[in-house]
1. Would you mind finding the one in 374, 314, 290, 304 that is in the same structural domain as residue 99 (by TED's automatic domain parsing) and within 13 Å of the ligand (Cβ to nearest atom)?
2. Output the residue which, of all residues in region 132-156 that are near the ligand (Cβ under 10 Å from one of its atoms) and touching a helix residue (DSSP H, G or I) at 6+ places or on another chain (Cβ under 7 Å), is farthest from residue 203 (Cα to Cα).
3. Going through region 7-36 one residue at a time, which ones are touching a helix residue (DSSP H, G or I) at 6+ places or on another chain (Cβ under 9 Å) and at pLDDT 75 or above?
4. I'd like to verify a number: residues in region 115-130 that are within 13 Å of the ligand (Cβ to nearest atom) and in contact with a strand residue (DSSP E or B) (Cβ under 6 Å, 6 or more places away or on another chain), how many?
5. Restricting attention to region 444-452, does a residue exist that is within 16 Å of the ligand (Cβ to nearest atom) and surrounded by 14 or more Cβ atoms within 10 Å (Cβ to Cβ)?
6. Between residues in region 160-189 that are within 14 Å of the ligand (Cβ to nearest atom) and residues that are at pLDDT below 95, which pairs lie under 7 Å by C-beta distance while being six or more apart or on different chains?
7. Applying the selection to region 665-686, what residues are within 26 Å of residue 550 (Cα to Cα) and buried (at least 16 other Cβ atoms within 10 Å of the Cβ)?
Ligand code: HDE
């Protein structure tokens, strides 16, 4: 049964910062507090007369309405957010003086926003796209933002190329098509000329870009950052979020269908999980690298197209984040939240990663444009826990009333206040990095190996994951109209895997390459030698990294999985009750689906109300399907074509399908009856077998036959 318990919790953040407006029991007023006696009619001259300009109530209403929208984010426009807490398991004081990473007694409030990158604000959640994973920690020393993605590397190495990347992936400028999709000419034209994108492209074409849920994605800080301890010593660090539910994805065909059936699929999933008390959780991990080891790797730590394999530097788990509260108001919180990789606290610092350095400028610039004033830090969702004391004054939408005569420093009239904090009093001190170099506009040679980690990623995938990458590339490139771009991409893929390039070539009707081809490099200056870029520092000794495959992240749980249960008049109530009880004990969520809404009669004449119907629902919205018994019920389902389609589609998408022994007759009408497959097909009311299978998430081997036309 679907349940929706609304849990209202008092929150530190909203208690401190936000004035929650609750209209319950209140009289309507204008913005300046005048009570309104008629909100349905404008002020007119007589019954049919013209509207009067003096109608200040109408004018105020329309003026406000006309300005309701603010510019959407230029990237990551589509997203959703939630509040939560971060709890440290063990102190990192050896590496950082940041209080929230030192004291295990502190519970740090957080706000998280997940997003897609390319689509507009109203686009589908299920686009094949990188997901943003931004966390704002409201620490006792100020706000710290970890503005990351669900992929640990990025397309480009230098912020100079970011507008080009985004122009290439966004809808094409002449006709604003396609929405939220990279499967078009400009994206692949750009990528085909940017060899540094090779590693990220492997991730982007993998199932990582089709998450089953935000709750089942990893998060990464991407860049190498610094941790600085109380003695001023620095270590390099990479940040990781590991979802407690494991990392899971949907099938590409399924993603496309979900985009039509429920474009809010991921938002809804997050919202409902929190409302149901199934609080999403991630463990926080760090990979720590001593300063002295900076040059020990066969790649540059400052290169954001590289990750540090977990086999080389293990991820140390240091805490857990739990999202436990939905927003009160989407606009005020999720839309107005302003993340910034430059929001750091003492104990954390930047590196010279050239992509990060550009970001440090861009986010404030964006916020000034979107939120219209430097006072955006006063918005409730952006305010730190502590009051900000400085000499910033005035500006649009100034909410603070600064007392006194003095707004400058140094001053004596204000007693020298606000005074500057010494480092020992928690003042921020930048890491004392020695830099002695020439000013140049160029790329470091240590950034030139573009393929070793793309190869490592591809080779670390399971067979089905490799097949999905092949399919994704074949699909995306088949949507590209320019044959020059398609051919160039096939050529480029030879640098990663010859078999992969041959597969894609075949799907595109192109000759299969037989050898590795030199990647054209559009980003090179005209006088550069492209061969030089091919493999300068090539040669990681690692051939596989287990952590790069989602296959190894499965967890033994079905908590919060959505299970569709078919019922029709004459269903066996004993079987339904037992199924529901067993599944809810295991933490899954049940949704009954019937030929119609309303009362459905059981074998014993008892009524239950169905949650959904075959016409307002679809298998792509569920993780598994179960068919309860009852002869009359099964006969009804056998005549319900949408029920048969539902199961065929679940079969195609490699989901778990189960049922009572009576369901056999129904199964015979579906692809289950037409195939020899039994992995993930659980018959004869084997409920523990069903639970174990659902925990596996998908039985991708089933795809090999590729015979299901659902
Ligand atoms: Fe962003 N990025 N980005 N980005 N980014 C924005 O800031 C930018 C990059 C990321 O939920 C913008 O508030 C530049 C990498 C996330 O509100 C903008 C460069 C990573 C979000 C911006 C990058 C990210 C953004 C647009 C290259 C992963 C959503 C709206 C130098 C580590 C935050 C906004 C949210 C948002 C600029 C590259 C993650 C325009 C210039 C790499 C998750 O300022």
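The values are calculated or read from the model by the stated rules, or taken from the named source; none is laboratory data. All figures in this text were calculated on a predicted structure; none of them were measured in a lab. Cβ: placed from backbone, ideal geometry, glycine included. Neighbour counts: every protein chain shown.
1. Matching residue, one of 374, 314, 290, 304: 304.
2. That would be 156.
3. Across region 7-36, the qualifying residues are 20, 30, 31, 32, 34, 36.
4. Number of matching residues: 3.
5. Looking through region 444-452, at least one residue is within 16 Å of the ligand (Cβ to nearest atom) and surrounded by 14 or more Cβ atoms within 10 Å (Cβ to Cβ).
6. Cβ pairs passing all conditions: 161/523.
7. Hits for region 665-686 are 677, 680, 681, 682.
Conditions (1) touching a residue at least 24 places away in the same chain (Cβ under 8 Å); (2) not in a helix (DSSP H, G or I), marked per residue:
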residue	(1), (2)
355	yes, no
358	yes, no
364	yes, no
368	no, no
381	yes, yes
409	no, yes
417	yes, yes
420	no, yes
